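The values are calculated or read from the model by the stated rules, or taken from the named source; none is laboratory data. If you're wondering where the values come from, they're calculated on a predicted model, not measured in any experiment. Every residue, glycine as well, gets a Cβ built from its backbone with ideal geometry; the counts of neighbours run over all protein chains shown. Protein only, heavy atoms only, side chains kept; ligands, DNA and RNA dropped before computing areas. Shrake-Rupley method; radii C 1.70, N 1.55, O 1.52, S 1.80 Å.
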Amino acid sequence: MQSRVGNMPKRSLSEQLDQHVDAIMAHRDAEIPQAGPGIAPLLRIAAGLRDLPRREFKANLMADLQRRGSMATKASAVPVSGPEEKAAKTDQPVREGFRTITPYIVTNEPDELVTFMKQVFGAEERFRAVGSAGGYHIEVKLGDSMLMIGGGREWRGKPMPTAIHVYVEDADAAYHRAIEAGANSIHPPVDQPYGDREGSVRDLSGNDWYIGTHQSGHYIPEGLTNLQPYLHPKGAAQMIDFFVRAFRAEELGRHQTPDGTIHHTTVRIGSSTLEMGEAHGEFQPRPAMFYMHVPDVDEFYKRAVAAGAVASGPPTDQPYGARVGSVKDPMGNDWYISTPIKGFKG
């Protein structure tokens with residue numbers, strides 16, 4: 001056995017991990033395979049996840065997979081400030097392509113949605129897992145950003161379609177690819193007064209995609225990423241105030257009418273940007289789900305509740321090495337807030 005392994009190409013930690021996790025998820029009673037210290041703790045997590053109830057699957061799997069990637073890539077540490085809590089925090093993991101906030105789309109058709117994203121935007125599926133309750137967790141790279149997708153036909157939860165603003169090199173070409181892939185047109189590409197050429201579509205899962213190309217300089221406006229979640233709250237000003245008080249957001253620019261109606265604004269939270277405009281016409285509130293990594297989950301959880309969020313899960317040390325809490329903001333969006341636990345050995 002040793003000599004055969006010695007003659008085989010050495011596999012990366014990620015490749016070894018994927019193989020073992022597939023085996024654990026496929027066989028409910030499978031024993032945890034022996035592995036090196038770099039991935040052994042993650043295999044114990046996978047074994048626990050296969051028995052999780054439906055209600056807990058999304059939150060626990062999201063936080064686990066964030067940690068999985070950070071350990072496999074041996075990300076660098078970033079200094080953290082803030083008060084000491086019961087479980088001290090440090091070492092903020094950085095995964096390639098991920099930012100402070102990652103949108104999480106829940107759909108009954110995850111395969112179809114991934115296929116749509118590949119055909120229209122050249123997206124790349126990076127990871128996929130299936131829980132014992134039949135729910136999917138899929139991670140997809142789209143341009144320089146990441147999206148998470150959950151749900152599935154066997155999963156009994158409620159779909160949560162959302163709106164995403166995507167910058168591409170050629171908005172017209174991407175719009176026509178979307179129509180060919182089965183999306184319904186909201187409006188064809190037109191030149192907008194703010195310097196973008198933009199069209200929009202609704203995919204078969206009910207997600208709205210605002211497809212734009214900035215026409216001056218780079219196709220992505222300076223200071224933005226290629227992908228921004230787009231919110232349509234009733235009371236955009238109040239929503240901005242919540243983000244400022246809860247998540248230390250910074251508003252980058254606001255366009256509003258004399259009566260104070262906000263047509264568009266961009267908000268920066270950590271390394272991420274979100275966009276929003278007051279609900280109007282067919283563009284009504286669509287509660288979404290987000291995963292957010294912060295330096296101190298207890299602090300941000302308390303800030304969010306004080307700012308008006310509803311507590312849905314207080315910060316708790318999880319067996320996979322993260323302290324995770326969850327809240328529902330005033331618009332009904334779910335936020336899963338996570339910080340790694342200092343000194344976690346697995």
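Just a few scattered comments:
- Odd one out for residue 193 among (1) at pLDDT 95 or above; (2) of a type outside the set (Lys, Arg); (3) open to solvent by 60 Å² or more (accessible area, probe 1.4 Å); (4) over 20 Å from residue 337 (Cα atoms): (1)
- Hits in the range 131-183 (condition: more than 14 Å from residue 198 (Cβ to Cβ), of a type in the set (A, V, I, L, M) and touching a residue at least 60 places away in the same chain (Cβ under 8 Å)): 133, 142, 147, 148, 160, 181, 183
- If only residues of the range 117-157 that are of a type in the set (Gly, Ala, Ser) and open to solvent by 40 Å² or more (accessible area, probe 1.4 Å) are counted, the one that is modelled with the highest pLDDT is 122.
- Residue 160 of a type outside the set (S, T, N, Q) and open to solvent by less than 10 Å² (accessible area, probe 1.4 Å): no
- Of all residues in the range 97-137, those that are hydrophobic (A, V, I, L, M, F, W, C), under 14 Å from the mean Cα position of the chain (by Cα) and over 19 Å from residue 209 (Cα atoms) total 2.
- Which numbered condition residue 213 misses (of (1) more than 30 Å from residue 151 (Cβ to Cβ); (2) of a type in the set (S, T, N, Q); (3) open to solvent by 40 Å² or more (accessible area, probe 1.4 Å)): (3)
- Restricting the range 241-259 to residues that are at pLDDT 90 or above and among the small types (Gly, Ala, Ser) leaves a set whose member that is surrounded by the most Cβ atoms within 10 Å (Cβ to Cβ) is 246.
- Residue within the range 287-298 that is closer than 21 Å to residue 209 by Cα and open to solvent by 50 Å² or more (accessible area, probe 1.4 Å) present: yes
- Strands (runs of 3 or more DSSP E) within the range 255-341 that include 3 or more residues among the hydrophobic types (A, V, I, L, M, F, W, C) and touching a residue at least 12 places away in the same chain (Cβ under 8 Å): 262-269, 289-293, 322-328
- Residue identified as farther than 22 Å from residue 250 by Cβ and within 15 Å of the chain's Cα centre (by Cα) among 151, 206: 151
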